[in-house]
Amino acid sequence: MKVAIRTCLIAASLVLVAGSLGAQDQASFTLNDGAVRFHAPASWMSVMEKKEGDPQAIAFQVPDPSAQDSEDAATVTVKTRQLADAAGFAAAVQQEFERAKEQPGFATDPANKDAAVRQYFVSRGKTRYLVRDRAKLVGKIAAEVRCQRPLLASTPAAWSAQFDRDCDAIMASLGS
């Protein structure tokens with residue numbers, strides 16, 4: 001019996017170690033006094049945190065070697081808004097999207113096939129950006145993840161794909 005338990009413990013430890021070797025370092029964040037929690041890559045630099053009042057938000061600048069020495073930057077913002085009740089979620093999401101439509105150069109991305117993602121283009125100065133918005137209801141809090149990256153010719157496709165995966169991972173980690 002002791003041998004079986006020890007074997008199970010060793011196997012479980014190996015699984016944990018193997019899983020952690022391939023995992024990217026993550027940092028934990030909270031908004032709304034801990035009611036909303038999420039994880040972001042540790043390499044992302046938090047450039048703004050507003051944790052009082054309503055709405056609340058944390059914005060990250062994502063290291064992008066192609067945008068170095070320029071005014072362009074890949075960013076991710078997690079924003080929350082307290083709702084009177086869960087029924088107000090759809091209206092809150094629509095209100096944020098209406099604001100997005102007011103940005104310079106706004107155009108929906110016809111390549112987007114994911115109904116859960118609002119994907120569109122905007123202009124920041126001379127640069128076109130791809131923006132991906134997703135929202136989730138956490139209790140009575142509307143949480144939005146907005147990921148935006150400059151569309152630069154020098155940006156490797158692998159970097160863009162990793163950025164999108166990291167953004168999806170934030171949404172997947174979002175909860176209470």
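The values are calculated or read from the model by the stated rules, or taken from the named source; none is laboratory data. Quick caveat: nothing in here was measured; it's all calculated off a predicted structure. All Cβ positions, even for glycine, are placed from backbone atoms using ideal geometry, and neighbour counts span all protein chains on display.
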- Task: Could you list all residues from the range 133-150 that are within 10 Å of the chain's Cα centre (by Cα) and among the β-branched types (V, I, T)?
- Result: V145
- Residue check, A153 of a type in the set (A, V, I, L, M) and under 19 Å from the mean Cα position of the chain (by Cα): no
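Condition check ((1) assigned to a helix (DSSP H, G or I); (2) charged (D, E, K, R); (3) at pLDDT 95 or above; (4) touching a Leu at 6+ places or on another chain (Cβ under 7 Å)) across all residues:
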position: R81; (1), (2), (3), (4): no, yes, yes, no
position: Q103; (1), (2), (3), (4): no, no, yes, no
position: F121; (1), (2), (3), (4): no, no, yes, yes
position: R134; (1), (2), (3), (4): no, yes, yes, no
position: A153; (1), (2), (3), (4): no, no, no, no
position: A158; (1), (2), (3), (4): yes, no, yes, no
position: I170; (1), (2), (3), (4): yes, no, yes, no
- Note on the structure: Given (1) in a helix (DSSP H, G or I); (2) surrounded by 13 or more Cβ atoms within 10 Å (Cβ to Cβ); (3) among the aliphatic types (A, V, I, L, M), A91 misses just (2)
